[in-house]
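Reading through the structure tokens given below for one structure.
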Amino acid sequence: MSAFKSFSDKFLLILPIWFIAILSSCETKEAEPAYLGTEYFGLLPGAWVVYDVDSIVYDDFLGEVFHYQYQVKEVNSEIYINNQGNESMRLERFWRADENDSWKVKNIWSASLLSQRAIKTEENITYIKIAFPAGSGLKWNGNAFNNKPGQQYEITDIHTPEEIGNVMFDSTLTVLQKDLITIIGEDLKYEVYAPGIGMVERKYVMLTKEVDGTIVRGVDYSYTIADYGNDELY
């Protein structure tokens, strides 16, 4: 038997094993699902979040500054099929002056969690809150589903531990929605999300200033998580 034939026989014996190993490796890689990050949007049935709201209004007409503090509760009420044929969550929202006050109906919003985006309709205006698969540096047009001018949203942080409203979160995701600061104005907006809960912080600042920094008009408000839970877990 020639050395070439001996080598060929051994190669033919090894080839099926090698080929199976390659296929197994490919199947393993294909079986691993890509990370999306949808858990950051929350939207679990029965879940609710209470926010402390702090709002400052600079009124140039009256020449006064108004400071408001109250609480807002957002409840994931029920799932329904929306006009686009997608599952949507009815968000029932309430407000109260403080912890000693009773909750009063504020309004109804809605939210949907799709394969590539998390959508929320606020005051009849729909925004793409998070795009998937979520990752630092990911950008998209948050106003793609409304009539407002295009606005670039960006994930600036993900999987970041952070303490918000005296609550320590092992992981958070931050979406920067606006960031324009000049010597005569400030336009800043961002939201922070935590897995299984959804939004845990919102900041919105839109101010007009004098060159020396004096605020002429505008608003500065924030939502900060105060409590959260899920009534369907009890």
(request) Kindly indicate whether residue 122 is closer than 22 Å to residue 93 by Cβ and of a type in the set (Asp, Glu). (result) yes
(request) Enumerate the strands (runs of 3 or more DSSP E) found wholly within region 36-151, keeping only those where 2 or more residues are among the β-branched types (Val, Ile, Thr). (result) 47-59, 64-81, 104-113, 117-122, 125-131
(request) Mind listing whichever residues of region 193-234 are under 23 Å from residue 127 (Cα atoms) and among the β-branched types (Val, Ile, Thr)? (result) 197, 200, 205, 219, 224, 225
(message) I'd like the full set of residues that are small (Gly, Ala, Ser) and at pLDDT below 95, limited to region 47-64.
(response) 63
(request) Sort out which residues of region 138-161 are buried (at least 17 other Cβ atoms within 10 Å of the Cβ) and in contact (Cβ under 8 Å) with a residue 24 or more places away in the chain, and write them in order of number. (result) 142, 153, 155, 158
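So that you can scan it fast, the table gives a plain yes or no per residue for (1) assigned by TED's automatic domain parsing to the domain that holds residue 121; (2) closer than 21 Å to residue 38 by Cα; (3) of a type in the set (Val, Ile, Thr):
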position: 132; (1), (2), (3): yes, yes, no
position: 141; (1), (2), (3): yes, yes, no
position: 145; (1), (2), (3): yes, yes, no
position: 148; (1), (2), (3): yes, no, no
position: 155; (1), (2), (3): yes, yes, yes
position: 160; (1), (2), (3): yes, yes, yes
position: 175; (1), (2), (3): yes, yes, yes
position: 185; (1), (2), (3): yes, no, no
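The values are calculated or read from the model by the stated rules, or taken from the named source; none is laboratory data. In this text, all values refer to a predicted model and were calculated from it rather than measured experimentally. Glycine gets a Cβ as well: all are built from the backbone with ideal geometry, and neighbour counts include every protein chain shown.
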